[in-house]
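Everything below concerns the one structure shown next.
Read the figures in this text as sums done on the coordinates, not as results from a lab. Worth saying up front: this structure is predicted, and the values here are computed from it rather than measured. Cβ atoms come from the backbone with ideal geometry, glycine included; neighbour counts cover every protein chain shown.
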Amino acid sequence: MATQPFAGLAPKIKAQYAAALKAGTLLFTESEVVELDDERTGIPFEVRFAPALAKKPTDQGKGEQKGERRDAPPDPFAPPYQQDLYVAEDVVKEDEHDAGEGFVVLLNKFCVTPRHFLLVTKEFVKQTTPLSPVEIYTAWSILKQLSSREKHLAFFNCGADSGASQPHKHLQFIPLSNGVAPFDSFIDEHKPKNEKSCFQLPLPYANFTALLDVPSDPSEAPAYLGHRFLELLDLMIDHRRRLAEEDPSLASGPVRLSELSYNVVMTASYIHLVPRRREKFTTSTGRAISINSLGFAGMILVKEQEALDEVKEVGVLKVLENVAFRPVELGDTHAADAIVACGGLA
Ligand code: AMP
């Protein structure tokens with residue numbers, strides 16, 4: 001039977017965050033949140049403007065993922081952990097026959113959102129491997145557990161063009177200050193009649209969503225969640241194949257799953273997956289805005305005033321469209337009944 005992972009996490013995160021901040025181990029960057037509601041979809045996008053980050057070096061650790069030859073930087077998610085950032089660890093089993101997978105919860109050392117934390121695998125697992133049933137179950141259990149006090153959002157950046165910087169497998173969690181994620185209402189408005197079917201939101205980029213109705217029996221939950229995620233991966237691969245057939249300049253095929261870049265956003269109620277075409281949006285003046293899963297959760301981070309002005313001008317959806325793939329109509333997949341035509345907003 002699957003165990004209930006990380007019991008009593010909320011007070012531990014709160015206490016450890018306060019201690020790490022005080023000790024100066026954790027570096028919190030102030031930012032201003034600019035609300036940019038999209039007129040056509042009604043999605044309440046948030047752009048976080050953090051000018052202090054513009055002075056800091058970026059791209060640490062990326063060379064290794066992109067296959068460049070340079071000394072591998074140390075793995076920040078491997079033991080020994082920085083004591084101030086360490087919150088808890090647990091072994092989670094899928095069932096009674098399973099040896100279990102070890103996980104550690106660490107605070108994000110460089111955060112712009114208070115109490116941003118990471119769920120990392122205890123052993124080294126490549127970030128480019130898909131989430132396993134136990135990994136998704138552990139993330140979902142944390143979301144569920146924390147939601148009784150404060151709703152959180154989990155995200156997973158996978159692949160060289162996804163905005164990921166660390167090759168050691170990790171999911172990330174942030175609290176939602178107003179209790180809702182920007183996409184919650186849009187997903188609710190566009191969910192299919194058959195809520196078991198995965199579906200595509202009417203957006204100008206390819207995206208796939210699975211609503212969650214997780215079995216209350218913990219022995220069934222990991223397999224259920226693993227299967228929902230597999231359905232989304234299946235749709236992503238089908239989308240990629242069709243795109244390569246229609247327009248080989250956009251996507252060449254076939255490729256291996258571990259070579260694809262995608263973002264995953266998860267709440268206790270849904271998993272939302274977006275395949276990625278490139279990591280950065282380049283402004284008209286040549287500034288690069290790196291987009292990770294949080295962008296596809298409706299939250300973009302910019303470091304320069306100029307970048308903020310351009311995002312305001314073009315709109316967040318245009319930025320997201322630019323770094324994702326165009327949608328294609330998905331035909332006879334097992335979830336085809338729920339895939340809506342997506343030309344509307346393109
Ligand atoms: P990603 O860039 O998506 O791979 O996420 C990695 C996250 O780990 C980033 O948000 C970093 O701020 C965070 N990070 C980097 N180094 C450390 C560290 N030594 N301890 C904790 N978090 C870190």
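Quick look at the values:
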item: Kyte-Doolittle mean at least -1.0 and Cα axial length at least 20 Å: DSSP H helices in the chain; result: 9-23, 133-147, 221-246
item: Computed lengthening from Glu220 to Glu35, 0.36 nm per intervening residue step minus Cα-Cα distance; result: 62.6 nm
item: Summed residue charge, Cβ within 15 Å of Leu131's Cβ, Lys/Arg positive, Asp/Glu negative; result: -2
item: Whichever aspartates and glutamates have a C-alpha closer than 17 Å to that of Lys55, once near sequence neighbours (fewer than 8 apart) are set aside; result: Glu30, Glu32, Glu304, Glu306
item: For Leu153, distant residues with modelled amide H under 5 Å away; result: Ile174, Leu176
item: Computed lengthening from Leu250 to Ala72, 0.36 nm per intervening residue step minus Cα-Cα distance; result: 60.9 nm
item: Whole-Hz ³J(HN,Hα) from phi, Karplus 6.51 cos²θ - 1.76 cosθ + 1.60, for the stretch 183-200, glycine and proline x; result: 8, 3, 5, 4, 5, 5, 5, 10, 5, x, 4, 8, 5, 7, 7, 6, 8, 10
item: In nm, spacing of pseudo-spin labels at Leu230 and Asn194 (7 Å Cα→C-beta vector); result: 1.8 nm
item: Packing-based order for 284-290, 111-117, using average beta carbon neighbours within 10 Å, highest first; result: 111-117, 284-290
item: Amide proton proximity set for Leu36, modelled H, under 5 Å, gap of 5+; result: Phe45, Glu46, Val47
item: Estimated vicinal HN-Hα couplings, Hz - the stretch 294-304 in sequence order (Karplus 6.51, -1.76, 1.60; Gly, Pro = x); result: 4, x, 7, 8, x, 10, 10, 10, 10, 10, 10
item: Residue-averaged [θ]222 nm for the chain, counting only DSSP H segments that reach four residues, each worth -39500 (n - 2.57); result: -7500 deg cm²/dmol
item: Cross-link pairs beyond the 31 Å C-alpha cut-off, checked among Lys14/Lys193; Lys169/Lys280; Lys93/Lys196; Lys169/Lys303; Lys12/Lys93; Lys109/Lys191; result: Lys14/Lys193; Lys109/Lys191
item: Cα principal axis extents for the chain, largest first, Å; result: 51, 50, 43
item: Reach of Lys144 by Cα under 18 Å, taken over aspartates and glutamates that are not fewer than 8 positions away in the same chain; result: Glu89, Asp90, Glu94, Glu135, Asp184, Asp213, Asp217, Glu220
item: Per-residue ³J(HN,Hα) for the stretch 84-96, Karplus 6.51 cos²θ - 1.76 cosθ + 1.60, θ = phi - 60°, Hz, x for Gly and Pro; result: 5, 9, 7, 10, 6, 9, 7, 10, 10, 10, 6, 8, 5
item: Highest to lowest packing among 179-185, 137-143, 33-39, scored as the average C-beta count within 10 Å; result: 137-143, 179-185, 33-39
item: DSSP-defined antiparallel bridges as percent of all bridges, the chain, nearest 5; result: 90 percent
item: Fully extended contour minus Cα-Cα distance, from Arg287 to Glu306, at 0.36 nm per residue; result: 6.0 nm
